[in-house]
1. Tabulate in residue order the Karplus-calculated ³J(HN,Hα) for segment 33-40, using 6.51 cos²θ - 1.76 cosθ + 1.60 with θ = phi - 60°, rounded to whole Hz; enter x for Gly and Pro.
2. On a 0 to 90 degree scale, rounded to 10, what angle separates helix 125-134 from the longest Cα axis of the chain?
3. Can you pull the percent of Cα pairs in segment 70-122 with separation above 13 Å?
4. Report, in cubic angstrom per residue, the convex hull volume of the C-alpha atoms of the chain.
5. Out of Ala48, Leu114, Ala95, whose Cα points farthest toward the positive end of the dipole of segment 16-124 (charges: +1 Lys, Arg; -1 Asp, Glu; placed on Cβ)?
6. Can you tell me the order of 13-21, 63-71 when each peptide is scored by its average per-residue count of other Cβ atoms within 10 angstrom, highest first?
7. Of Gln193, Asn234, Ser74, which is farthest on the positive side of the dipole of the chain, counting Cα position, with +1 on Lys and Arg Cβ, -1 on Asp and Glu Cβ, and the Cα centre as origin?
8. What are the ³J(HN,Hα) couplings of segment 278-291, residue after residue, when phi is run through the Karplus curve with 6.51, -1.76, 1.60 and θ = phi - 60°? Round to Hz, x for glycine and proline.
Amino acid sequence: MWLNELYQLYEANASQAGVARVEDAMLLPLAHSEANAQITVTIGHDGAFRNAELVADDDRLTMIPATEDSAARSNGIFPHPLCDKLIYVAPDYPAYVKEGKDKADYHQKYIVDLAAWCASPYSHAKAQAVLAYLQKGRLIADLAANGVLKLDAGGKLDPTAKLRQKTPIDQSEAFIRWRVEPSDNSLSCNTWQDASLAQAWAAYDKARHEDVQLCYVSGQLAGYAAKHPARIRNGADKAKLLSSNDTECFTFRGRFATGGQAFSVGYETSQKAHNALRWILSRQGYRRDGAAIVAWERDMRSLPPIFAATDE
(Lines give C-alpha, C1' and ligand atoms only; values in the text may rest on other atoms or scores of the structure.)
Protein backbone atom coordinates (compact mmCIF):
# COMPACT_ATOMS: atom_id res chain seq x y z
CA MET A 1 0.00 0.00 0.00
CA TRP A 2 1.45 3.36 -1.02
CA LEU A 3 0.57 5.03 2.28
CA ASN A 4 2.46 2.41 4.23
CA GLU A 5 5.46 2.73 1.90
CA LEU A 6 5.53 6.48 2.49
CA TYR A 7 5.16 5.96 6.24
CA GLN A 8 8.10 3.55 6.17
CA LEU A 9 10.10 6.04 4.10
CA TYR A 10 9.59 8.65 6.83
CA GLU A 11 10.53 6.20 9.57
CA ALA A 12 13.73 5.22 7.74
CA ASN A 13 14.74 8.88 7.44
CA ALA A 14 13.22 10.31 10.64
CA SER A 15 16.62 11.61 11.81
CA GLN A 16 16.48 14.16 8.98
CA ALA A 17 13.11 15.64 10.05
CA GLY A 18 13.42 19.36 10.64
CA VAL A 19 17.05 19.44 9.52
CA ALA A 20 18.03 22.24 7.13
CA ARG A 21 16.66 21.66 3.65
CA VAL A 22 18.90 20.16 1.00
CA GLU A 23 18.23 21.16 -2.62
CA ASP A 24 15.16 23.08 -1.35
CA ALA A 25 13.71 19.94 0.26
CA MET A 26 13.04 19.35 3.95
CA LEU A 27 11.45 16.39 5.68
CA LEU A 28 9.02 18.17 7.99
CA PRO A 29 8.53 17.19 11.64
CA LEU A 30 5.09 16.06 12.77
CA ALA A 31 2.44 18.81 13.00
CA HIS A 32 4.38 21.20 10.78
CA SER A 33 3.95 22.71 7.36
CA GLU A 34 5.71 25.27 5.19
CA ALA A 35 4.66 28.73 4.07
CA ASN A 36 6.15 31.63 2.16
CA ALA A 37 6.79 34.40 4.68
CA GLN A 38 6.94 38.06 3.66
CA ILE A 39 7.83 39.74 6.98
CA THR A 40 10.13 38.73 9.85
CA VAL A 41 9.27 40.33 13.19
CA THR A 42 11.94 40.29 15.90
CA ILE A 43 10.95 40.58 19.57
CA GLY A 44 12.77 40.14 22.84
CA HIS A 45 12.27 37.18 25.17
CA ASP A 46 10.15 39.54 27.28
CA GLY A 47 7.81 40.30 24.38
CA ALA A 48 9.28 43.73 23.55
CA PHE A 49 9.30 44.74 19.88
CA ARG A 50 12.78 45.03 18.38
CA ASN A 51 12.42 45.45 14.61
CA ALA A 52 10.88 44.03 11.45
CA GLU A 53 12.05 43.48 7.90
CA LEU A 54 10.91 42.11 4.58
CA VAL A 55 12.07 38.57 3.85
CA ALA A 56 14.43 38.10 0.90
CA ASP A 57 12.99 36.14 -2.03
CA ASP A 58 15.43 33.28 -1.56
CA ASP A 59 14.58 32.93 2.16
CA ARG A 60 10.79 33.01 2.17
CA LEU A 61 10.05 29.28 2.53
CA THR A 62 9.53 28.82 6.27
CA MET A 63 8.78 25.80 8.45
CA ILE A 64 5.81 26.56 10.71
CA PRO A 65 3.81 24.71 13.38
CA ALA A 66 0.42 23.62 12.01
CA THR A 67 -2.75 22.01 13.26
CA GLU A 68 -4.73 19.31 11.51
CA ASP A 69 -7.24 22.00 10.49
CA SER A 70 -4.77 24.71 9.47
CA ALA A 71 -2.64 22.35 7.38
CA ALA A 72 -5.74 21.45 5.37
CA ARG A 73 -7.51 24.82 5.37
CA SER A 74 -9.15 26.15 2.24
CA ASN A 75 -11.82 28.31 3.88
CA GLY A 76 -13.12 28.92 7.39
CA ILE A 77 -11.14 30.21 10.37
CA PHE A 78 -8.28 27.81 11.09
CA PRO A 79 -5.16 29.65 12.35
CA HIS A 80 -1.67 28.23 12.36
CA PRO A 81 -0.43 28.09 15.95
CA LEU A 82 2.40 30.66 15.73
CA CYS A 83 3.23 32.12 12.30
CA ASP A 84 0.41 33.20 10.00
CA LYS A 85 -1.07 36.00 7.91
CA LEU A 86 -1.75 39.45 9.38
CA ILE A 87 -5.48 38.78 9.56
CA TYR A 88 -4.76 36.06 12.14
CA VAL A 89 -1.79 37.38 14.12
CA ALA A 90 -2.41 41.15 14.21
CA PRO A 91 -4.68 42.23 17.09
CA ASP A 92 -5.00 45.70 15.54
CA TYR A 93 -5.98 44.40 12.07
CA PRO A 94 -9.59 45.71 12.34
CA ALA A 95 -8.33 49.25 12.94
CA TYR A 96 -6.13 49.33 9.84
CA VAL A 97 -8.18 47.55 7.18
CA LYS A 98 -11.46 48.61 5.62
CA GLU A 99 -14.27 46.43 7.01
CA GLY A 100 -11.66 44.92 9.33
CA LYS A 101 -14.14 44.68 12.20
CA ASP A 102 -15.88 41.91 10.28
CA LYS A 103 -12.62 39.92 10.44
CA ALA A 104 -11.95 40.19 14.19
CA ASP A 105 -12.84 36.51 14.73
CA TYR A 106 -9.65 35.45 12.92
CA HIS A 107 -7.34 36.94 15.52
CA GLN A 108 -9.60 35.95 18.38
CA LYS A 109 -9.38 32.28 17.39
CA TYR A 110 -5.60 32.57 16.89
CA ILE A 111 -4.92 34.19 20.26
CA VAL A 112 -7.16 31.75 22.17
CA ASP A 113 -5.33 28.80 20.62
CA LEU A 114 -1.89 30.31 21.26
CA ALA A 115 -2.80 31.06 24.89
CA ALA A 116 -3.99 27.47 25.36
CA TRP A 117 -0.66 26.14 24.09
CA CYS A 118 1.26 28.54 26.34
CA ALA A 119 -0.80 27.45 29.36
CA SER A 120 -0.16 23.75 28.72
CA PRO A 121 2.67 21.51 30.01
CA TYR A 122 4.11 21.67 26.47
CA SER A 123 4.61 25.43 26.40
CA HIS A 124 7.76 27.07 25.05
CA ALA A 125 9.49 30.34 25.93
CA LYS A 126 9.40 31.64 22.35
CA ALA A 127 5.65 31.02 22.04
CA GLN A 128 5.14 32.79 25.38
CA ALA A 129 7.16 35.77 24.14
CA VAL A 130 5.00 36.04 20.99
CA LEU A 131 1.85 35.87 23.13
CA ALA A 132 3.17 38.57 25.47
CA TYR A 133 3.96 40.86 22.53
CA LEU A 134 0.63 40.39 20.77
CA GLN A 135 -1.29 41.12 23.96
CA LYS A 136 0.00 44.69 23.62
CA GLY A 137 -2.25 45.00 20.55
CA ARG A 138 0.01 46.93 18.16
CA LEU A 139 1.61 44.67 15.54
CA ILE A 140 0.50 46.66 12.47
CA ALA A 141 1.25 49.93 14.26
CA ASP A 142 4.81 48.72 14.93
CA LEU A 143 5.24 47.48 11.36
CA ALA A 144 4.07 50.82 9.99
CA ALA A 145 6.32 52.78 12.36
CA ASN A 146 9.21 50.56 11.27
CA GLY A 147 8.53 51.37 7.58
CA VAL A 148 7.65 47.80 6.60
CA LEU A 149 3.97 48.57 5.96
CA LYS A 150 2.61 51.73 4.33
CA LEU A 151 -0.47 53.64 5.50
CA ASP A 152 -2.69 55.89 3.39
CA ALA A 153 -3.86 59.40 4.27
CA GLY A 154 -6.69 57.94 6.35
CA GLY A 155 -4.34 55.90 8.53
CA LYS A 156 -5.35 52.56 6.97
CA LEU A 157 -3.12 50.06 5.20
CA ASP A 158 -2.58 51.55 1.75
CA PRO A 159 -4.45 49.24 -0.68
CA THR A 160 -2.27 50.42 -3.58
CA ALA A 161 1.02 49.56 -1.84
CA LYS A 162 2.47 46.13 -2.51
CA LEU A 163 5.15 44.21 -0.71
CA ARG A 164 7.90 44.34 -3.31
CA GLN A 165 9.07 40.79 -3.72
CA LYS A 166 9.36 38.42 -6.65
CA THR A 167 5.57 38.23 -6.74
CA PRO A 168 4.16 41.46 -5.26
CA ILE A 169 1.28 40.92 -2.83
CA ASP A 170 -1.18 43.14 -0.98
CA GLN A 171 0.08 44.34 2.38
CA SER A 172 -2.96 42.90 4.13
CA GLU A 173 -2.00 39.42 2.87
CA ALA A 174 1.48 39.47 4.43
CA PHE A 175 2.58 36.30 6.22
CA ILE A 176 4.44 36.92 9.48
CA ARG A 177 7.21 34.82 10.99
CA TRP A 178 8.88 35.44 14.35
CA ARG A 179 12.40 35.83 15.68
CA VAL A 180 12.69 35.81 19.46
CA GLU A 181 15.91 36.99 21.04
CA PRO A 182 16.70 34.63 23.94
CA SER A 183 17.81 35.77 27.37
CA ASP A 184 21.30 34.56 26.45
CA ASN A 185 23.09 33.82 23.18
CA SER A 186 22.89 30.03 23.42
CA LEU A 187 19.89 29.50 21.15
CA SER A 188 18.83 30.47 17.65
CA CYS A 189 16.47 33.43 17.44
CA ASN A 190 14.56 32.03 14.48
CA THR A 191 11.43 30.19 15.57
CA TRP A 192 11.41 28.24 12.29
CA GLN A 193 14.85 26.78 13.09
CA ASP A 194 14.32 25.98 16.77
CA ALA A 195 14.11 22.19 17.23
CA SER A 196 12.94 22.52 20.84
CA LEU A 197 10.02 24.70 19.75
CA ALA A 198 9.07 22.21 17.04
CA GLN A 199 9.17 19.36 19.55
CA ALA A 200 7.08 21.28 22.08
CA TRP A 201 4.37 22.01 19.53
CA ALA A 202 4.35 18.45 18.17
CA ALA A 203 3.97 17.02 21.68
CA TYR A 204 1.11 19.42 22.48
CA ASP A 205 -0.67 18.68 19.22
CA LYS A 206 -0.32 14.90 19.64
CA ALA A 207 -1.76 15.08 23.16
CA ARG A 208 -4.94 16.64 21.77
CA HIS A 209 -5.72 13.68 19.50
CA GLU A 210 -7.72 11.64 21.98
CA ASP A 211 -10.14 10.03 19.49
CA VAL A 212 -8.52 6.60 19.13
CA GLN A 213 -9.56 4.38 16.22
CA LEU A 214 -8.11 1.56 14.18
CA CYS A 215 -5.58 2.89 11.67
CA TYR A 216 -6.17 1.10 8.35
CA VAL A 217 -2.51 1.61 7.39
CA SER A 218 -0.64 0.44 10.50
CA GLY A 219 -3.31 -1.90 11.88
CA GLN A 220 -2.84 -0.26 15.30
CA LEU A 221 -5.18 1.73 17.51
CA ALA A 222 -4.10 5.36 17.21
CA GLY A 223 -5.27 8.94 17.38
CA TYR A 224 -7.60 9.49 14.43
CA ALA A 225 -6.97 12.00 11.63
CA ALA A 226 -10.24 13.61 10.56
CA LYS A 227 -8.46 15.78 8.00
CA HIS A 228 -5.35 15.18 5.93
CA PRO A 229 -2.70 17.64 4.67
CA ALA A 230 -2.84 19.50 1.38
CA ARG A 231 0.02 21.45 -0.29
CA ILE A 232 1.76 18.31 -1.51
CA ARG A 233 2.95 19.49 -4.93
CA ASN A 234 3.49 23.12 -3.94
CA GLY A 235 2.48 25.71 -1.35
CA ALA A 236 -0.70 26.65 -3.23
CA ASP A 237 -1.85 23.07 -3.86
CA LYS A 238 -5.32 22.53 -2.36
CA ALA A 239 -5.80 19.00 -3.71
CA LYS A 240 -5.89 16.19 -1.14
CA LEU A 241 -5.05 12.53 -1.55
CA LEU A 242 -7.29 11.45 1.33
CA SER A 243 -10.65 12.83 2.39
CA SER A 244 -13.53 11.47 4.43
CA ASN A 245 -14.76 14.64 6.11
CA ASP A 246 -17.52 15.58 3.67
CA THR A 247 -20.83 15.48 5.54
CA GLU A 248 -22.86 17.28 2.87
CA CYS A 249 -22.09 15.59 -0.43
CA PHE A 250 -21.47 11.95 -1.26
CA THR A 251 -17.97 11.04 -0.06
CA PHE A 252 -19.49 8.48 2.29
CA ARG A 253 -23.13 9.54 2.79
CA GLY A 254 -25.61 6.75 2.36
CA ARG A 255 -23.04 4.07 3.13
CA PHE A 256 -21.57 5.07 6.50
CA ALA A 257 -22.66 7.21 9.42
CA THR A 258 -19.31 8.97 9.84
CA GLY A 259 -16.16 9.60 7.85
CA GLY A 260 -14.17 7.50 10.29
CA GLN A 261 -16.24 4.44 9.43
CA ALA A 262 -15.54 4.98 5.74
CA PHE A 263 -11.80 5.48 6.04
CA SER A 264 -9.65 5.64 9.15
CA VAL A 265 -5.99 6.62 9.18
CA GLY A 266 -4.02 7.48 12.31
CA TYR A 267 -2.99 11.11 12.70
CA GLU A 268 0.71 10.33 13.07
CA THR A 269 0.62 7.88 10.16
CA SER A 270 -1.05 10.45 7.92
CA GLN A 271 1.39 13.18 8.93
CA LYS A 272 4.44 11.04 8.27
CA ALA A 273 3.18 9.67 4.95
CA HIS A 274 2.23 13.09 3.56
CA ASN A 275 5.43 14.72 4.80
CA ALA A 276 7.48 11.96 3.21
CA LEU A 277 5.67 12.37 -0.12
CA ARG A 278 6.14 16.14 -0.10
CA TRP A 279 9.84 15.65 0.70
CA ILE A 280 10.56 13.01 -1.92
CA LEU A 281 8.72 15.01 -4.60
CA SER A 282 10.88 18.04 -3.83
CA ARG A 283 14.04 15.94 -3.99
CA GLN A 284 13.49 13.88 -7.11
CA GLY A 285 9.99 14.33 -8.47
CA TYR A 286 9.15 14.98 -12.12
CA ARG A 287 6.65 17.78 -12.75
CA ARG A 288 4.85 18.75 -15.90
CA ASP A 289 1.52 20.48 -16.63
CA GLY A 290 0.47 20.24 -12.99
CA ALA A 291 1.24 16.53 -12.69
CA ALA A 292 3.87 15.32 -10.21
CA ILE A 293 5.43 11.86 -10.54
CA VAL A 294 8.00 10.28 -8.26
CA ALA A 295 9.71 6.94 -7.62
CA TRP A 296 11.88 6.12 -4.63
CA GLU A 297 13.73 3.50 -2.65
CA ARG A 298 13.00 3.35 1.06
CA ASP A 299 16.70 3.48 1.92
CA MET A 300 17.15 6.46 -0.45
CA ARG A 301 19.57 4.73 -2.79
CA SER A 302 20.26 6.62 -6.00
CA LEU A 303 17.80 5.98 -8.81
CA PRO A 304 18.40 6.32 -12.56
CA PRO A 305 16.82 9.41 -14.20
CA ILE A 306 13.72 7.47 -15.18
CA PHE A 307 11.93 10.55 -16.54
CA ALA A 308 14.86 11.89 -18.54
CA ALA A 309 13.33 11.06 -21.93
CA THR A 310 9.76 12.16 -21.19
CA ASP A 311 10.25 15.70 -22.53
CA GLU A 312 11.29 14.48 -25.95
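The values are calculated or read from the model by the stated rules, or taken from the named source; none is laboratory data. In this text the structure is predicted, and so the values were computed from the model without any measurement. Quick reminder, even Gly has a Cβ in these numbers, built from the backbone with ideal geometry, and neighbours come from all protein chains shown. For the accessible areas, the whole protein counts, side chains as well, though only heavy atoms, and no ligand, DNA or RNA atoms are used. Shrake-Rupley method; radii C 1.70, N 1.55, O 1.52, S 1.80 Å.
1. 9, 10, 8, 8, 8, 10, 10, 9
2. Helix 125-134 sits roughly 50 degrees off the main axis of the chain.
3. Across segment 70-122, Cα pairs with separations above 13 Å total 58 percent.
4. Per-residue hull volume (Cα only) is 165 Å³.
5. Selected residue: Ala95.
6. 63-71, 13-21
7. Positive-most Cα among the choices belongs to Ser74.
8. Values per residue, Gly and Pro as x: 4, 5, 6, 5, 5, 6, 8, x, 10, 10, 7, 6, x, 7 Hz.
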